[in-house]
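Can you read through this structure? Questions will come right after.
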Amino acid sequence: MNNQNTSQEKEFWTNRYQENQTGWDIGYPSTPLKTYIDQLDNKNLKILIPGAGNAYEAEYLWQQGFKNVHVLDISEIPLKALQERVPDFPAKQLLLGNFFEHKGQYDLIIEQTFFCSFEPTTENRTAYAQKMANLLVDGGKLVGLWFDIPLIIGTSKRPFGGTKEDYLAYLTPYFKVTTFEACYNSIKPRSGNEFFGIFEK
């Protein structure tokens with residue numbers, strides 16, 4: 001994404017928050033991700049949640065003793081909301097910026113349908129897979145949720161979906177697939193519409 005796209009994306013998402021058009025926001029950590037987090041033993045993992053929105057998963061991780069959690073969003077509104085909800089969350093771990101320009105190395109990246117939030121061009125989706133791999137240490141994991149809904153070309157309505165085959169085509173050149181299946185424990189409104197995946201670099 002170039003700087004113009006960054007500016008457009010920032011304006012788009014900031015407007016959504018300002019106008020309270022946040023239908024994706026469920027107000028708590030999604031069940032599949034909470035279940036995964038509950039299985040993690042290493043509290044020292046360096047974790048990134050990109051396109052995190054109000055970042056309830058980050059809040060939950062923090063409450064469970066994971067102190068090396070970093071939240072990245074292109075709009076400062078949800079970052080401020082997280083800081084207000086969790087006053088002791090370190091400001092330096094609240095990252096305002098474009099995911100595609102972010103630099104760092106992480107043990108775990110949590111994907112909360114972020115892939116489905118930006119324009120679904122081949123260029124963007126390939127860049128996403130490459131960037132995820134670049135941000136992970138060797139043996140690091142990309143874990144999360146992708147929408148199992150049709151991708152309708154020519155519409156600007158988000159979230160943008162895809163098929164299992166679509167997603168794997170972008171990710172398998174960079175990752176070993178541990179699992180990528182229909183999600184069995186989605187929240188009710190999303191039941192039947194999510195994949196849960198674990199990808200290892």
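The values are calculated or read from the model by the stated rules, or taken from the named source; none is laboratory data. Source: prediction; values computed, not measured. Counting neighbours? That spans all protein chains shown, and the Cβs are built from the backbone with ideal geometry, glycine included.
Do you know which residues across the stretch 90-100 are part of a helix (DSSP H, G or I) and surrounded by 13 or more Cβ atoms within 10 Å (Cβ to Cβ)? Working first, answer last.
From the stretch 90-100, those part of a helix (DSSP H, G or I) are 91-93, 99-100; that's our starting set.
Once the filter is applied, which keeps residues that are part of a helix (DSSP H, G or I) and surrounded by 13 or more Cβ atoms within 10 Å (Cβ to Cβ), the stretch 90-100 yields Gln93, Phe99, Phe100.
Out of all the residues in the stretch 118-152, which are closer than 19 Å to Asn193 by Cβ and either β-branched (Val, Ile, Thr) or at pLDDT 95 or above (or both)?
Listed by number, the residues that qualify are Val143, Ile149, Ile152.
Within the stretch 102-123, how many residues turn out to be touching an Asp or Glu at 6+ places or on another chain (Cβ under 7 Å) and either without any contact (Cβ under 8 Å) to a residue 40 or more places away in the chain or exposed (fewer than 13 other Cβ atoms within 10 Å of the Cβ) (or both)?
Looking only at that region, the number is 0.
For the stretch 31-89, what are the residues that are part of a loop (DSSP other than H, G, I, E, B), of a type in the set (A, V, I, L, M) and surrounded by 23 or more Cβ atoms within 10 Å (Cβ to Cβ)? It would help to see each step written out before you state the result.
Taking the stretch 31-89 as the starting set, the residues that turn out to be part of a loop (DSSP other than H, G, I, E, B) are 38-46, 51-55, 64-68, 74-75, 86-89.
Next cut, of a type in the set (A, V, I, L, M) only: 40, 45, 52, 55, 74, 86.
Scanning the stretch 31-89 gives Ala52, Ala55, Ile74.
Does the stretch 162-201 hold any residues that are out of contact with any helix residue (DSSP H, G or I) (no Cβ under 6 Å at 6 or more places or on another chain) and β-branched (Val, Ile, Thr), and which are they?
Matches in the stretch 162-201: Thr163, Thr172, Val177, Thr178, Thr179, Ile198.
Limited to the stretch 101-143, what total is found for residues that are part of a loop (DSSP other than H, G, I, E, B) and not hydrophobic (A, V, I, L, M, F, W, C)? Please lay out each step first, then the result.
Here is the first cut: in the stretch 101-143, the ones part of a loop (DSSP other than H, G, I, E, B) are 102-105, 113, 118-121.
Checking which are not hydrophobic (A, V, I, L, M, F, W, C) leaves us with 102-105, 113, 119-121.
Going through the stretch 101-143 one residue at a time, the tally reaches 8.
Is it the case that the stretch 183-199 has a residue that's in contact with a Gly (Cβ under 6 Å, 6 or more places away or on another chain) and modelled with pLDDT of 95 or more?
The first filter runs over the stretch 183-199 and keeps only residues in contact with a Gly (Cβ under 6 Å, 6 or more places away or on another chain), leaving none.
The answer is no, given that none of the residues of the stretch 183-199 is in contact with a Gly (Cβ under 6 Å, 6 or more places away or on another chain) and modelled with pLDDT of 95 or more.
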